[in-house]
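> Got a structure for you, written out below as C-alpha cells; questions coming shortly.
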Number of protein chains: 4
Amino acid sequence: MRFRSPATLAGPVRLAFTAESSAELPMTAERPRPRRREDFVHWLPIQTRWMDNDAYGHVNNVVYYSYFDTAVNEYLIRSGALDIEASDVIGLVVETACSYFSELAFPQALEAGVRAAHIGRSSVRYEVGIFAAGAATASAQGHFVHVYVDRANRKPAPLPEALRTALDRIHS
Amino acid sequence: MRFRSPATLAGPVRLAFTAESSAELPMTAERPRPRRREDFVHWLPIQTRWMDNDAYGHVNNVVYYSYFDTAVNEYLIRSGALDIEASDVIGLVVETACSYFSELAFPQALEAGVRAAHIGRSSVRYEVGIFAAGAATASAQGHFVHVYVDRANRKPAPLPEALRTALDRIHS
Amino acid sequence: MRFRSPATLAGPVRLAFTAESSAELPMTAERPRPRRREDFVHWLPIQTRWMDNDAYGHVNNVVYYSYFDTAVNEYLIRSGALDIEASDVIGLVVETACSYFSELAFPQALEAGVRAAHIGRSSVRYEVGIFAAGAATASAQGHFVHVYVDRANRKPAPLPEALRTALDRIHS
Amino acid sequence: MRFRSPATLAGPVRLAFTAESSAELPMTAERPRPRRREDFVHWLPIQTRWMDNDAYGHVNNVVYYSYFDTAVNEYLIRSGALDIEASDVIGLVVETACSYFSELAFPQALEAGVRAAHIGRSSVRYEVGIFAAGAATASAQGHFVHVYVDRANRKPAPLPEALRTALDRIHS
C-alpha cells in the first residue's frame, strides 16, 4: 500500500491492504537487506490490533518490538524453556534493534519468523523477521539479546539446559 | 489458574494455564452474570501478547478494551462497513464498560464474541465477550457505544447504509 | 479542536490543540454530564504519548483506562497503601467504565482527578476524571471497582488498614 | 533496586525505587557504555504508567521506544517542525535500537535526553537516553533514524527548513 494519503486517513479509514501496494521505505547503502523466509526457522502468526496503528494509520515502530517479544516468549513457553521457577537463573534483555523496510497496518495478518543466531555460554541473540502473511521478504527485521544471570548475585550464568535444547532447535 | 503466588511470578514465569484453574473473581449481588457463547454472533480469535500481562502476571484490565476495539473494527472493515471515505459521517466512541470474571494471561489463546445489542438511528451498542479459547462462559464482557455524526457540524447523523447492513447481520 | 480533517492527518501531523477547539461529542438524554474539578479530591498530571493517538489522530478510547490505572495506583503506592506484601489480601479489578465527552490528543498535557466514591468492607469504587490541563470540566470520566480477597482462598476480605486510611483521605 | 525477587512481586507490589538500588545489567566487552547527562541537549520528563511494568515488575523493553518516540515528537511539535502540512515531505522511521543497562519501574519518574547525532540531507539520527530522574548515567539509551521522502514518489527529499532549524538546536 501507499502511505495513506490525506483522503484515506479521513474518518473511518479505508484499509484495503495488499502486499504489492506496500510502501517501500527508502534504502540506503549501509542498511541491511530485507531477509527472506528461508532465513528463519520458527514461525508464529501475529494478529494486528486497531491500536497498533498510530496517527499515520500504520503500525507504529514501537509495536514491532512487542511482536518480537511475543514470538520469542511464546516459543520458549511452548517449549517448556521458560518454566525455570526452580532455577536460580533469569534472562534479561540487554539490547534490541529493528530495521523497517515497508509499512504494515491493522487489520493485516502478519507472521513472525524467529531464529537463534548466536547461542553463547550465558547469552542468546534472537533474530526476528516480521512478514505480511505469505510475503517472501520481511517488512521489518531485528534482533534482541538475552543475558542469563544468577538471580541472587546478578552475575552471568550458563543457559539452563531446557533452554539450550529449545534454542538448538531454532539455531541457524 | 490461581493468581500467581510469589513463587510463580519469579524470573521467567510458569504459564501453564488451563480453563479449570482460572481464578474466579468474586461475585457480588449486583454484578452481571458471565455470558455464554450462544449470546454472541460473530467471533474473532484473539492472540495475547507478552506485554498484555502486567506486574501481576495476568492480562491487565486495560488490555481487554483493545480486544474489544480489535474485534469490532476487524468485523466492520472485513464487511466493508468502515470504508466510508466518501461519506460525511464518522463514528465516535462515547461509552465503554467491562466486567471481569476470571483471569487470563499470555500465552493463552482467546476468542472474542461480538453482537450488536442495539442499533439506533445514529448509534450502535456493541456487546463483546472475551473467552478463553473453547470456554463456555466469558472471562470478561463489556460494551461500547458508537455515535455517528456529521463530519462537518458534529451533529448526530443516520448510520450509513453499508454499516447498517453489516450490523443487521450481528444483531441479536 | 475539530476532529482532524483529512488534510491535517497527512504526513507529520499538525497538533496545535487548544481547549476551546476540542470537539464536543454528542450528548444524549441518558448520558452522564461531564464532572467538574470540584468533584475530585486527588490530582495527578498525566503525560500523553505519541502512541496514545490512534489512526484518527486522537487519544484512543482504550488509553483512558491506562490513565485511570496510573492515577489510582500512583496514589496508593505514594500513600504506602500498596505495600501489603506481608498481607494475605490482594485487590482485583472487577468492573471498569468510561464516558467520553471531548477529544484529547498527544502532545496535550492532561490531569487526572480521583476520588473514592464508595468504600465498602472489601471493595472500593474509584471515580476518575480526565481533564485537559486547566479545563473546568472532564473530557472523559469513569470508574473502576477493586475487590480485595484473601490471597489463598479468593474469598472477599476486609480492606487492609493502610489502604482504608489512604482511601478515607480521598473519599467524597 | 534489585530485580524483584519472588516475594517482592507478590500481590500489590512494593515499589520503593531508589537510584542506588537499580539492578545493573551485565556488561560485555562489545556493549556501549551508559551515556552521561552531558551527552544530551534537550530534556523531557517522562511519566511511567502502571502498564509499563511487565510480568517481571519492571518497565518492559518495548516501552522504552515509546519514550523515545514521545521525547522526539514532543520536541518537534513544540518547535513547530512537525507542522509541515503544506509540505510534500514526510518522515519515516527506518531504524531503531536500544541498549539496556539498569532496570526502571513504575512509579519512578524518568527523564529523556535527546540529541541530533547526525543531520544529513534527507535523514536524521536521533540519540535518546532514558534516565532515572536526576541520575548521572542512562538506564537505557538508543537511537532512531528518520528518512524524509517526497510524499508522492517516496524518494528521499531534503529536510524541510523548519525541521533543520529545530535539529540544529539539538545537534551535538
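The values are calculated or read from the model by the stated rules, or taken from the named source; none is laboratory data. Computed from a predicted model, the values in this text were never measured in an experiment. For neighbour counting, all protein chains shown are included, and Cβ atoms are generated from backbone atoms with ideal geometry for every residue, glycine included. The accessibility values were calculated without ligands, DNA or RNA, using every heavy atom of the protein model including side chains. Shrake-Rupley method; radii C 1.70, N 1.55, O 1.52, S 1.80 Å.
> Using alpha carbon centroids, what distance separates the stretch D:98-172 and the stretch A:39-106, in Å?
What the calculation gives is 23 Å, centre to centre.
> For the rotation taking C to D, I'd like to know which residue in chain C has the C-beta closest to the axis, plus that distance in Å.
Here the value is C:GLN47, 2.
> Convert each backbone phi in the stretch D:122-137 into a coupling constant with the Karplus relation 6.51 cos²θ - 1.76 cosθ + 1.60 (shift: θ = phi - 60°), then list the ³J(HN,Hα) values in order as whole Hz, x for Gly and Pro.
10, 9, 9, 10, 9, 10, 10, x, 10, 10, 4, 3, x, 5, 7, 10
> Please give the direction-averaged projected area of the C-alpha convex hull for the stretch D:32-169, in square nanometres with one decimal.
Numbers: hull surface 34.5 nm².
Taking a quarter of the hull surface, the average projection is 8.6 nm².
> Would you grab the residues whose amide H sits under 5 Å from the one on A:HIS118? Only those 5+ places off in sequence or on another chain, please, with H modelled 1.01 Å from N.
A:ARG125
> Label point 7 Å out from C:ARG78 along Cα-to-Cβ: which residues of the stretch C:35-50 have amide N under 11 Å?
Label zone hits: C:42-46.
> A follow-up question, please. Can you give me the solvent accessible area of D:LYS155 with a 1.4 Å probe, rounded to the nearest 10 Å²?
Estimated to the nearest 10 Å², D:LYS155 gives 130 Å².
> Here is a further query. Quick one: accessible surface of C:TRP50, probe radius 1.4 Å, all protein chains present, in square angstrom to the nearest 10.
Result for C:TRP50: roughly 10 Å² accessible.
> Using a label point 7 angstrom from Cα along Cα-to-C-beta, what distances in nm, from shortest up, separate B:GLY120 from the other copies?
Copy-to-copy label distances at B:GLY120, shortest first: 2.9, 5.3, 6.1 nm.
> Find every distance from the label point of C:ARG154 to the corresponding label point in the other copies (7 Å from Cα along Cα→Cβ) and write them in nm, one decimal, shortest first.
3.7, 4.5, 5.1
> Still on this structure, I have one more. With θ set to phi - 60° and the Karplus curve 6.51 cos²θ - 1.76 cosθ + 1.60, what are the ³J(HN,Hα) couplings of the stretch D:90-101 in order, to the nearest whole Hz, using x for Gly and Pro?
Residue by residue, the stretch D:90-101 yields 10, x, 10, 7, 10, 7, 9, 7, 8, 10, 10, 10 Hz.
> Now, a different point. Return the sequence-ordered ³J(HN,Hα) values of the stretch A:62-70 in whole Hz as given by the Karplus equation 6.51 cos²θ - 1.76 cosθ + 1.60 applied to θ = phi - 60°, using x for Gly and Pro.
5, 5, 4, 5, 6, 5, 4, 4, 5
> Quickly work out the A:ASP88-to-A:ALA152 label distance, labels modelled 7 Å from Cα along the C-beta direction, and quote it in nm with one decimal.
Each label point lies 7 Å from its Cα, and together they span 0.5 nm.
> Amide H of C:ARG49: which non-local residues (sequence gap of 5 or more, or other chain) have their own amide H closer than 5 Å, using H built in the peptide plane?
Distant-sequence amide H within range of C:ARG49: zero hits.
> Rounded, prolate or oblate for the stretch D:115-172? Axes are the square roots of the Cα gyration tensor eigenvalues, ordered a ≥ b ≥ c, and the cut-off for rounded is a/c under 1.5. Each step should come with its number before you reach the end.
Details: a/c = 3.60, a/b = 2.26, b/c = 1.59.
Prolate, since a/c reaches 1.5 and a/b exceeds b/c.
> What ranking of B:SER79, B:SER172, D:SER66 comes out by heavy-atom accessible area, probe 1.4 Å, highest first?
On the way: B:SER79 35, B:SER172 65, D:SER66 10 Å².
Of B:SER79, B:SER172, D:SER66, the descending order of accessible area is B:SER172, B:SER79, D:SER66.
> Let me know the charge dipole size of the stretch D:29-166 about its Cα centre in debye, to the nearest 20, where only the beta-carbon of Lys, Arg (+1) and Asp, Glu (-1) is charged.
Details: 14 positive and 16 negative charges, 70 e Å.
The calculation lands at about 340 debye.
> Moving on to the next point. Which distances in nm, rounded to one decimal and ordered from shortest, link the label point of A:HIS171 to the equivalent label points in the other identical copies, with labels set 7 Å from Cα toward Cβ?
Spacings between copies for this position, smallest first, are 4.8, 6.2, 6.3 nm.
> Also: Using only protein heavy atoms and a 1.4 Å probe, report how much of A:ASP69 is accessible, in Å² to the nearest 10.
10 Å²
> List every residue whose amide H lies under 5 Å from the amide H of A:LEU104, counting only residues 5 or more places away in sequence or on a different chain, with H placed 1.01 Å from N in the peptide plane.
A:VAL59
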